[in-house]
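The values are calculated or read from the model by the stated rules, or taken from the named source; none is laboratory data. What you see is a predicted model; the values in this text were computed from it and never measured. Positions of Cβ are generated from backbone atoms using ideal geometry, with glycine treated the same way; all protein chains shown enter the neighbour counts.
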Amino acid sequence: MSLAAKKPLILLGMPSTHAGAWRFPGAAPDFHRNFAHMKWFAQTLERGCFDGLFLPDSLALRAGTPQTLMCSASVATLDPLTLLPALAAVTQHLGLIATASTTYNEPYMLARRLASLDVISQGRAGWNLVTSSNPNEAANFGEKSHLEHSLRYKRAREFFTVMDGLWQSWDADAFCMDSDRGVYVDPDKMHVLDHHDTHFSVRGPLNVARSVQHRPVIVQAGASEAGMQIAAETAEVVFTYQIDMASAQRFYAQMQNRARAAGRHTPLKILPAVLVVLGDTLAEAQEKRATLDALVDDQSSLATLSVALGHDISQYDPAGLLPDIPDSNASKSGRDRVVALAQREQLSILALARRICGYQGLEMVGTADMIAGHMEHWFTQRAADGFNILFSHLPGGVSEFVDHVVPLLQQRGLLRQRYEGQTFRDNLGLATP
Ligand SMILES: Cc1cc2nc3c(=O)[nH]c(=O)nc-3n(C[C@H](O)[C@H](O)[C@H](O)COP(=O)(O)O)c2cc1C
């Protein structure tokens, strides 16, 4: 039986978001804004037969004073839609997922840029559709505040409809390029969108040809009611933060049911984010994990907590418990998760902030064998189709994973030994839209 028939585990790699990662012994502090490092990262993921590289994005600094922000490596990143075409030129198989906001973009522009990435990479583009979780983005686009949460999702739904329509501007064989007849393109194979609705008026067609995988792979990570619904209707891959297997299994089943109810025929690929910390022994891995958290700066973490809650918490005593926090216009599910964690573990504000700024999602800490075993267990128990992996630190964390965990996943028949598909969608086992 081919690996595709066995539905292999999907692996994506992403730059570390743990605030202590850049200070970890051996880490390259400028990793994610240095092209040479990012090129090496993409090529190393490809050496490990990963499905793709995911770039998160935000169009503003996180909230905080200059002093607090000075402690975070996330103050400067590279624009995903500038970086990924460059990475497409130095890789051959790796899927390349760009995050782009439906709140602070125009659909024609974004459809064109993503279609160009898809053509340049020969069918390896993906789009992580976000409505923007960082409220500071508003001030960079002439707005005082974010569009209200439900309106952001209504705009996103229409935004997707326009993008999808634009990506169908040309039939696959529209460009006949018949030099004898002097006919470059067959006008009967061109489709004018002519979209006019609440948020957008876009005539089309798109002036980029169709890529070999027809359109970029659609990724979504909504966790609120509106977020999960748009994922069910539009996404092919769903990113999620999960902590324990039981709730991950519930989320998995719920998302597949929602997608079926929305008329989708191909199951969604559900990928929890996981922080992987590897050691020769469990004790060594646990020590590395503790080192990582100890490197998080207190002021920076308090500022990050304010953003996560959509509420300025600098007015409260950091040693005290979290008071009742009013609802906000920021990411709802993110806020609820933080409040629930504080209540569940009765954390002081500072302890909570350290957890949020470090990493609060699923983690796999242990030897290569233990990590391969955990991944297989989540996969076979229908809690995940694969993982979106954050490494303890870069470059070391990813080479350790590729050298030690990847061969074990391959031995267990969970991961390809070489790429079989031509496009990102082929490798993910997704149908052509
Ligand atoms: C793995 C993962 C990566 C994410 N990356 C981004 C990102 O790069 N930019 C962003 O604005 N939001 C990002 N999000 C946040 C989601 O888009 C979404 O806003 C969040 O999960 C909360 O859902 P809600 O908007 O439905 O409340 C990410 C979420 C997950 C789980």
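Being surrounded by 21 or more Cβ atoms within 10 Å (Cβ to Cβ), touching a residue at least 60 places away in the same chain (Cβ under 8 Å) and assigned to a loop (DSSP other than H, G, I, E, B) narrows it down to one of L415, L390, so name that one. Explain how you work it out, then say what you get.
On the way: L390 fails: assigned to a loop (DSSP other than H, G, I, E, B).
Going through L415, L390 in turn, the sole match is L415.
Hey, could you check the stretch 139-191 for residues that are assigned to a loop (DSSP other than H, G, I, E, B) and aromatic (F, W, Y) and say which is surrounded by the fewest Cβ atoms within 10 Å (Cβ to Cβ)? Show your work before the answer.
Restricting attention to the stretch 139-191, the residues satisfying the condition of being assigned to a loop (DSSP other than H, G, I, E, B) are 142-148, 167-169, 171-177, 179-182, 184-186, 191.
Next, from what is left, pick out any that are aromatic (F, W, Y): 167, 175, 184.
Numbers: W167: 24, F175: 15, Y184: 11.
By that ranking, first place goes to Y184.
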(message) Need a quick list: helices (runs of 4 or more DSSP H) entirely within the stretch 1-89 having at least 3 residues that are within 15 Å of the ligand (Cβ to nearest atom) and modelled with pLDDT of 95 or more.
(response) 80-88
(message) Taking the condition of being touching a residue at least 60 places away in the same chain (Cβ under 8 Å), exposed (fewer than 15 other Cβ atoms within 10 Å of the Cβ) and either out of contact with any strand residue (DSSP E or B) (no Cβ under 9 Å at 6 or more places or on another chain) or of a type in the set (D, E, K, R) (or both), how many residues in the stretch 266-295 meet it?
(response) 3
(request) For E363, work out the one condition from (1) at pLDDT 85 or above; (2) part of a helix (DSSP H, G or I); (3) within 18 Å of the chain's Cα centre (by Cα) it doesn't fulfil. (result) (2)
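Report whether or not L347 is within 16 Å of the ligand (Cβ to nearest atom) and either exposed (fewer than 14 other Cβ atoms within 10 Å of the Cβ) or touching a residue at least 12 places away in the same chain (Cβ under 8 Å) (or both).
Considered against the rule, which asks whether it is within 16 Å of the ligand (Cβ to nearest atom) and either exposed (fewer than 14 other Cβ atoms within 10 Å of the Cβ) or touching a residue at least 12 places away in the same chain (Cβ under 8 Å) (or both), L347 comes out as no.
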(request) Can you confirm whether the stretch 96-108 contains a residue that is away from the ligand (no atom under 13 Å from the Cβ) and among the β-branched types (V, I, T)? (result) no
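Taking the condition in contact with a Cys (Cβ under 6 Å, 6 or more places away or on another chain) and free of Cβ contacts under 8 Å to residues at least 24 places away in the same chain, does D186 pass? Lay out the reasoning, then the answer.
Values: in contact with a Cys (Cβ under 6 Å, 6 or more places away or on another chain): yes; free of Cβ contacts under 8 Å to residues at least 24 places away in the same chain: yes.
It is true that D186 is in contact with a Cys (Cβ under 6 Å, 6 or more places away or on another chain) and free of Cβ contacts under 8 Å to residues at least 24 places away in the same chain.
So that you can scan it fast, the table gives a plain yes or no per residue for (1) within 14 Å of the ligand (Cβ to nearest atom); (2) out of contact with any strand residue (DSSP E or B) (no Cβ under 8 Å at 6 or more places or on another chain); (3) within 16 Å of T102 (Cβ to Cβ):
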| site | (1), (2), (3) |
| --- | --- |
| Y153 | yes, yes, yes |
| T198 | no, yes, yes |
| S211 | no, no, no |
| Y241 | yes, no, no |
| A248 | yes, no, no |
| A253 | no, yes, no |
(request) Residue by residue through the stretch 204-246, note down the ones that are surrounded by fewer than 21 Cβ atoms within 10 Å (Cβ to Cβ), among the polar types (S, T, N, Q) and modelled with pLDDT of 95 or more. (result) N207, Q229
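Among the residues in the stretch 191-212, are any under 30 Å from G334 (Cα atoms) and in contact with a Ser or Thr (Cβ under 9 Å, 6 or more places away or on another chain)? Spell out how you get there, then give the answer.
Initially, the stretch 191-212 is screened for residues under 30 Å from G334 (Cα atoms), giving 198-200.
From what is left, the residues that are in contact with a Ser or Thr (Cβ under 9 Å, 6 or more places away or on another chain) are 200.
Checking the stretch 191-212: at least one residue is under 30 Å from G334 (Cα atoms) and in contact with a Ser or Thr (Cβ under 9 Å, 6 or more places away or on another chain).
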(request) Could you give me the residue pairs with C-beta distances under 7 Å whose first residue belongs to the stretch 126-145 and is over 19 Å from M228 (Cα atoms), whose second residue is in a helix (DSSP H, G or I) and within 11 Å of the ligand (Cβ to nearest atom) wherever it lies, and which are 6+ apart or on separate chains? (result) S145/P135
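Check R124, R112 and return the single one that is among the charged types (D, E, K, R) and either under 16 Å from L55 (Cβ atoms) or within 16 Å of the ligand (Cβ to nearest atom) (or both). I'd like the intermediate steps shown before the answer.
On the way: R112 fails: either under 16 Å from L55 (Cβ atoms) or within 16 Å of the ligand (Cβ to nearest atom) (or both).
Exactly one of R124, R112 is among the charged types (D, E, K, R) and either under 16 Å from L55 (Cβ atoms) or within 16 Å of the ligand (Cβ to nearest atom) (or both), namely R124.
Within the stretch 370-383, is there a residue that is surrounded by 22 or more Cβ atoms within 10 Å (Cβ to Cβ) and not in a helix (DSSP H, G or I)? Break it down stepwise before answering.
Residues of the stretch 370-383 that are surrounded by 22 or more Cβ atoms within 10 Å (Cβ to Cβ), as a first pass: 371-372, 375, 378, 383.
Then keep just the ones that are not in a helix (DSSP H, G or I); that gives 383.
Scanning the stretch 370-383, I find at least one residue that is surrounded by 22 or more Cβ atoms within 10 Å (Cβ to Cβ) and not in a helix (DSSP H, G or I), so the answer is yes.
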